[in-house]
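We did not get these values from a lab; they are worked out from the coordinates using the rules stated. Treat the numbers as computed from the prediction; the structure is a model and nothing was measured. When we count neighbours, we look across all protein chains shown, and the Cβ atoms used for this are built from the backbone with ideal geometry, even at glycine.
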């Protein structure tokens, strides 16, 4: 099974012939294992976490959360753990006369709300296709939470004592945990500053993992592989073969550069789905856009196959095609 954008559950026994199992409405999904999911259900102002057994259909309430992850607060997204014990979210004050406002980062744990940080912010500014976006993600062992509000630095907090253990000096364009306490994120492209892919661990702090310009890196469930969109070649931004999808082994030297595409996501430990990009001359914010063809790249075989979802089974919601970002799990 694989979850796309926390909303679409697919059977990917055959990754080039996927079958839509369910499409969520006003809820978010986490895949627990091959036979169960957890999803959010808002009722009477509270957000419940429900466990659903895919084999029997049996459901049970796991926990309650204080904030609705679907509310998508200003400046960041919300994240929650499938057991319902933790949630990270943001709240914002009303802007003042100059457009500035305060953003508060919250952690709900042990049945209580904790304010991790209060950030003074200006206006949101101009957004492009490759602009920074909000990132909130708990480490697999739930020891840390990585929090990057839109247009602000990457921050990492300890869940146990709520301390900020790291803050970057640059903005992030996506990040992912590749081990319990090893976080990788991409730095916002700025030609006046070095770009790169950074990794953080409690023992070593932040170090450069790769010098490339990546957008929205994601990882396989076992943490063995990373994939990302490379929006353009820094040495030649007019190269029309971009954006491209890049897939690399963690800690190794194996690198695959797939075709022109974007939004990769691992649907199995070794298969990446990504959206093919085509020329876009009208009503676009960049020269290319997804053209409806999806690729399945197998890192064990080095093969790249195209496919289309069956009619009515595309990961589309509110007119937006969400292929192929995978859910938090």
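If you take the alpha carbon radius of gyration of the chain and divide it by 2.2 N^0.38 Å, what ratio comes out, to two decimals?
Normalised Rg, Cα atoms only: 0.97.
Between residue 240 and residue 14, what FRET efficiency comes out of the Förster formula 1/(1 + (r/R0)^6) with R0 = 41 Å and r the beta carbon distance, rounded to 0.05?
Working from the Cβ atoms, E equals 0.80.
First measure r as the distance between the Cβ atoms of residue 181 and residue 306, then evaluate 1/(1 + (r/R0)^6) with R0 = 25 Å and state the FRET efficiency to the nearest 0.05.
0.10
Relative contact order of the chain, please, whole-number percent, based on alpha carbon pairs below 8 angstrom and at least 6 residues apart.
The value is 12 percent.
Let me make sure I get this right: for segment 18-94, a, b and c are the square roots of the gyration tensor eigenvalues over alpha carbons, sorted descending. Under 1.5 in a/c it's rounded, otherwise prolate if a/b > b/c, else oblate. Which is it?
Prolate.
Measure off 7 Å from each Cα along the Cα-to-Cβ vector at residue 285 and residue 70, then give the distance between these two points in nanometres to one decimal.
Here the modelled spin labels are 2.4 nm apart.
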